[in-house]
């Protein structure tokens, strides 16, 4: 029995910041101080507050240390673990308010969250099945196999109101019901872990922090629809997630929780991994199944739908990682418990990867119906550097930009669609007044163009033409007729593209055209980028009154565009200026500005 447990974040974010070295140093210092039998070091998944990693939490005190470096470890061990004195300089700032150290759940970042899908992330060692079982793991599977019929399980999921967390928001229970209704000699359960949206890392974090919850949920789904084989399609770019899934599958097989005759009930179910090469289109369900089959990842026309003919032309159920992560808790706590959270048509919670122009970037799980303002201001800590909120992009390349006038709209599936965006898988990118919305639309279109599988003409050629029009506008060559062409082409693509990814590709353009039309007009009519982002439309000028002639700007200019004598006002040759901004960044007198 250990008197203290030191939990170290082992998610991708903290790992990239050096948490492996911190674990190594911790273990060495603990051994050096004779605490090997008293203090345990546990590698966990993501704690959520990615902006402040690497993160260490010391229990039983639950002291939350952030931005830890290997050189901080000797002090933590000698002061906290040996003498019982908290190292105040390393404690998360919210824990050191006037009241002293407060509960982690009472901090601004955590108190408005409600963790269901993320409940074990940052709490257990994801590579130890015993720790998952100790938190109630596999109880739901045992309950389902011994107490419920498949039809009862499906009804529980339907009654919970759970909708797919992968983007479409289709009723999870209804999807299971349709898959069960189709008779076949073989059925499959698939998990979509091909998380491709820029800025999205929700599914990755669940797989890294709690892989067994997905295995358990897939086995429950297999029992419900009558399938004995599952596949997890995960991108190879997630090496930590892949490794922990392999460990989890091996452990579950060893414990008899995957394989033949699970819980001695006669139910057989096993899971295999399939690695994707990072194609965005393979997040679309039919393209994903085509890829599992060993073919080029391209979508198929629907109908028939996967519940009728999916993987290997057999009835197939596909849900994403976060959807599955909710299932065991719904079984254990009942559908009413889950349905009591959220809004009328969007039940439960939603995990978001919060990024962009916000102080607390990271992973958050909030009840449906929480407003964008609460997520950004209360949980995210607001916009840094005194800047103003301008927009938030949800749904990635398939979503839209939400402007400040909808800052207080409750976040759920229907509200987001109504204002021209969508939930998507859960990426939430915050933008401030320094972001150009035309450039943002161009960025997402560029991503879609690169990721289009090319199977259908509207997506393959239409998105390319959209990008070219946006590029023309950001280069100061656009016309008002181009804005009309943009909108017309957007609707054509939405109506004619083969798959959901192509049909939603124009959303970033349509939403920015709708809410930020003035910015488009400024680019076209005034040849001006209001945010000062589009290089072709801006110029740097030196105010002769403020310039002191220090020569710093001319020395840092990479193209020799700035001239002037010492102690005399300098000037910029616009024909030579490459608009890199180095001069403005180095000017100590604020004499250089963008026009």
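Observations, loosely collected:
- Among the residues of the stretch 152-182, those that are closer than 23 Å to residue 397 by Cα and in contact (Cβ under 8 Å) with a residue 40 or more places away in the chain comprise 163, 164, 165, 166, 167, 168, 169.
- Among all residues of the stretch 478-487, there is at least one that is without any contact (Cβ under 8 Å) to a residue 60 or more places away in the chain, closer than 30 Å to residue 573 by Cα, buried (at least 16 other Cβ atoms within 10 Å of the Cβ) and outside the structural domain of residue 397 (by TED's automatic domain parsing).
- Candidate set: the stretch 370-381, residues that are modelled with pLDDT under 95 and outside any helix (DSSP H, G or I); chosen: the one farthest from residue 451 (Cα to Cα): 381
- Taking the stretch 403-426 as the range and being buried (at least 24 other Cβ atoms within 10 Å of the Cβ) and farther than 14 Å from residue 168 by Cα as the test, only 411 passes.
- Checking 315, 304, 335, 328 one by one, the residue that is more than 24 Å from the chain's Cα centre (by Cα), over 30 Å from residue 445 (Cβ atoms) and crowded, with 24+ Cβ neighbours inside 10 Å is 315 and no other.
- Flag if residue 108 is in contact with a helix residue (DSSP H, G or I) (Cβ under 9 Å, 6 or more places away or on another chain) and surrounded by fewer than 16 Cβ atoms within 10 Å (Cβ to Cβ): yes
- Of 192, 228, 182, all but one fail to be assigned by TED's automatic domain parsing to the domain that holds residue 276 and within 17 Å of the chain's Cα centre (by Cα); the exception is 192.
- Checked across the stretch 390-399, the condition of being assigned to a loop (DSSP other than H, G, I, E, B), under 14 Å from the mean Cα position of the chain (by Cα) and crowded, with 24+ Cβ neighbours inside 10 Å holds for at least one residue.
- Pair list, Cβ under 7 Å, 6 or more apart: the stretch 551-575 residue over 14 Å from residue 540 (Cα atoms), other residue in a strand (DSSP E or B): 564/571; 569/542
- Residue count, the stretch 359-368 (criterion: at pLDDT 95 or above and in a loop (DSSP other than H, G, I, E, B)): 1
- Residue within the stretch 305-318 that is touching a residue at least 12 places away in the same chain (Cβ under 8 Å), under 14 Å from residue 161 (Cβ atoms) and touching a helix residue (DSSP H, G or I) at 6+ places or on another chain (Cβ under 9 Å) present: no
- Unique match (being crowded, with 24+ Cβ neighbours inside 10 Å, out of contact with any strand residue (DSSP E or B) (no Cβ under 8 Å at 6 or more places or on another chain) and either under 22 Å from residue 447 (Cβ atoms) or not assigned by TED's automatic domain parsing to the domain that holds residue 133 (or both)) among 281, 213: 281
- Test: residue 512 is in a helix (DSSP H, G or I), touching a strand residue (DSSP E or B) at 6+ places or on another chain (Cβ under 6 Å), under 23 Å from residue 196 (Cα atoms) and at pLDDT 95 or above: yes
- Options 498, 470; residue that is in contact (Cβ under 8 Å) with a residue 60 or more places away in the chain and either closer than 28 Å to residue 282 by Cβ or not in a helix (DSSP H, G or I) (or both): 498
- Test: residue in the stretch 325-348 that is assigned to a helix (DSSP H, G or I) and more than 30 Å from residue 145 (Cβ to Cβ): no
- Only one entry of 266, 259 meets the criterion of being farther than 27 Å from residue 301 by Cβ, without any contact (Cβ under 8 Å) to a residue 24 or more places away in the chain and in contact with a strand residue (DSSP E or B) (Cβ under 6 Å, 6 or more places away or on another chain), and that entry is 259.
- Residue, farthest from residue 378 (Cα to Cα), within the stretch 111-143, restricted to residues that are crowded, with 17+ Cβ neighbours inside 10 Å and more than 25 Å from the chain's Cα centre (by Cα): 141
- Index of the failed condition, residue 159 passing every other in (1) in a helix (DSSP H, G or I); (2) crowded, with 20+ Cβ neighbours inside 10 Å: (2)
- Top-ranked residue in the stretch 225-263 [being part of a loop (DSSP other than H, G, I, E, B) and at positive phi; ranked as surrounded by the fewest Cβ atoms within 10 Å (Cβ to Cβ)]: 256
- Every residue from the stretch 505-530 that is surrounded by 24 or more Cβ atoms within 10 Å (Cβ to Cβ) and within 25 Å of residue 451 (Cα to Cα): 505, 506, 507, 508, 509, 511, 512
- For the stretch 137-192, a residue qualifies if it is over 17 Å from residue 310 (Cβ atoms) and modelled with pLDDT under 95, and the qualifying residues are 165, 167, 169.
- Residue match in the stretch 264-282 (condition: over 20 Å from residue 321 (Cα atoms), in contact with a helix residue (DSSP H, G or I) (Cβ under 6 Å, 6 or more places away or on another chain) and not in a helix (DSSP H, G or I)): yes
- If you check 446, 454 for being surrounded by fewer than 23 Cβ atoms within 10 Å (Cβ to Cβ) and in a loop (DSSP other than H, G, I, E, B), only one passes: 454.
- Filtered residues of the stretch 555-588 (kept if surrounded by 14 or more Cβ atoms within 10 Å (Cβ to Cβ), out of contact with any helix residue (DSSP H, G or I) (no Cβ under 8 Å at 6 or more places or on another chain) and farther than 26 Å from residue 527 by Cα): 569
- The single condition among (1) in a loop (DSSP other than H, G, I, E, B); (2) over 38 Å from the mean Cα position of the chain (by Cα); (3) closer than 29 Å to residue 433 by Cβ that residue 578 does not satisfy is (2).
- Within this structure, residue 524 passes the test of being within 28 Å of residue 480 (Cβ to Cβ) and touching a helix residue (DSSP H, G or I) at 6+ places or on another chain (Cβ under 7 Å).
- Hey, residue 367 outside the structural domain of residue 507 (by TED's automatic domain parsing), surrounded by fewer than 19 Cβ atoms within 10 Å (Cβ to Cβ) and out of contact with any helix residue (DSSP H, G or I) (no Cβ under 8 Å at 6 or more places or on another chain) or not: no
The values are calculated or read from the model by the stated rules, or taken from the named source; none is laboratory data. Since we're looking at a predicted model, the values are computed, not measured. With ideal geometry, Cβ positions are generated from the backbone for all residues, glycine too; neighbour counts draw on all protein chains shown.
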